[in-house]
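Below is one structure, written out as structure tokens; the observations come after it.
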Amino acid sequence: MILLDGKQTSAQIKEEIASAVSEMQNNNIKVPHLAAVLVGTNGASMTYVGAKVKACELVGFESTLIELPEETSEDELLTQIKALNDDLNIDGFIVQLPLPKHIDDQKVLMAIHPDKDVDGFHPMNVGRLTLDLPTFISATPYGIMELLERYEIPTSGKHVVVIGRSHIVGRPMSILMSQKRPAGNATVTVAHSRTANLAALTKTADIVVAALGIPEFLTADMIKEDAAVIDVGITRVSDDSKKRGYRIAGDVHFESVSKKASYITPVPGGVGPMTIAMLLKNTLLARQRAEAD
Ligand code: GUN
């Protein structure tokens, strides 16, 4: 069994980005600038956004964190987004999800200019992804594609079962792996909460991507010998033995599945760290596209 080390791979990608940034500096080219908008005080969101800003510093990007109170109205947030769209100094920005209930996520995501949408959530970018056109691939699927590619896991002609059909992970993952591209050319099945006899299906898979958000859902009896297993789950499960009162659980029962799989991503340290590296990569891409215009 080979552990797909997202921590090490993401560190390598960040080094590659940092060297591209120092080349920009040497050539007096403006370095990438990422902005993140955080509305409210959701604990996980604050952690993620903090990690994104810190990663910007590490690679030499500029970053701006915009923290807005929970009571911010949808109109106020849309005004902030317009300001970021118009700010030539900002190459890309994200609005951290989930948003407070009184704000319509979709309306907000559609207000982000597609050229600055480094999360790749805008319908224009999702559409471009499905058509295989230049786009921003959202960070989690992009990170998984990068892990598969860098570890040279065969995908062409293989059967992939993606469990989960979310807009952020399952759906784009299924599209990417079916396309003609590195880590693509696979035959993909999308499974979800209404799928009948899921275990019979996952047992036929060469690669299983578990992205349903149920801790330790995928067990060894559900996979075939030597399958590659990608665990996208990051659920906080209460655990009194931890100082912070919880642990992070994946969607895969690691202890049993790791004994049967050929490759597996650990949680934490697998897909999670890759997402931040890919957000940086998208921001670098946004800057390079702006520079070329
Ligand atoms: N919330 C959880 N994951 C993400 C992400 O990748 N981007 C944004 N904006 N919010 C998230």
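Structure summary
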{"read-out": "Residues satisfying the stated conditions in segment 88-103, i.e. over 20 Å from Thr41 (Cβ atoms) and exposed (fewer than 15 other Cβ atoms within 10 Å of the Cβ)", "value": "Leu88, Asn89"}
{"read-out": "Among (1) under 20 Å from Val118 (Cα atoms); (2) in contact with a Pro (Cβ under 7 Å, 6 or more places away or on another chain); (3) open to solvent by 60 Å² or more (accessible area, probe 1.4 Å) - the single one Glu15 does not satisfy", "value": "(2)"}
{"read-out": "Residues of segment 191-209 classified as in contact (Cβ under 8 Å) with a residue 24 or more places away in the chain, assigned to a helix (DSSP H, G or I) and either more than 22 Å from Val267 (Cα to Cα) or among the basic types (Lys, Arg) (or both), total", "value": "2"}
{"read-out": "Any hit, segment 99-112, residues being touching a Lys or Arg at 6+ places or on another chain (Cβ under 8 Å), of a type outside the set (Val, Ile, Thr) and either outside any loop (DSSP other than H, G, I, E, B) or farther than 16 Å from Phe136 by Cβ (or both)", "value": "yes"}
{"read-out": "Filter result (away from the ligand (no atom under 15 Å from the Cβ) and without any contact (Cβ under 8 Å) to a residue 24 or more places away in the chain) within segment 88-113", "value": "Leu88, Lys101"}
{"read-out": "One residue from Ala51, Ala44 being within 13 Å of the ligand (Cβ to nearest atom), in a helix (DSSP H, G or I) and either polar (S, T, N, Q) or open to solvent by 30 Å² or more (accessible area, probe 1.4 Å) (or both)", "value": "Ala51"}
{"read-out": "Matching residues, segment 54-80, being open to solvent by 80 Å² or more (accessible area, probe 1.4 Å), in a helix (DSSP H, G or I) and touching a residue at least 12 places away in the same chain (Cβ under 8 Å)", "value": "Leu58"}
{"read-out": "Members of segment 25-41 found to be open to solvent by less than 20 Å² (accessible area, probe 1.4 Å) and away from the ligand (no atom under 16 Å from the Cβ), listed by number", "value": "Val31, Pro32, His33"}
{"read-out": "Unmet criterion (only one of (1) of a type in the set (S, T, N, Q); (2) open to solvent by less than 50 Å² (accessible area, probe 1.4 Å); (3) more than 18 Å from Pro32 (Cα to Cα); (4) away from the ligand (no atom under 14 Å from the Cβ)) for Asn85", "value": "(3)"}
{"read-out": "Qualifying residues in segment 116-152 (those that are in a loop (DSSP other than H, G, I, E, B) and away from the ligand (no atom under 16 Å from the Cβ)) - the one least open to solvent (accessible area, probe 1.4 Å)", "value": "Tyr151"}
{"read-out": "Qualifying positions in segment 250-293 - open to solvent by less than 10 Å² (accessible area, probe 1.4 Å), more than 16 Å from the ligand (Cβ to nearest atom) and not in a loop (DSSP other than H, G, I, E, B)", "value": "Val252, Val257, Ile264"}
{"read-out": "Exclusive hit being without any contact (Cβ under 8 Å) to a residue 60 or more places away in the chain and outside any helix (DSSP H, G or I), set Asn85, Asn28", "value": "Asn28"}
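The values are calculated or read from the model by the stated rules, or taken from the named source; none is laboratory data. For clarity, every value in this text was computed on a predicted model and none was experimentally measured. With ideal geometry, Cβ positions are generated from the backbone for all residues, glycine too; neighbour counts draw on all protein chains shown. Remember, those area values only see protein heavy atoms, side chains included, never the ligands or the DNA or RNA. Shrake-Rupley method; radii C 1.70, N 1.55, O 1.52, S 1.80 Å.
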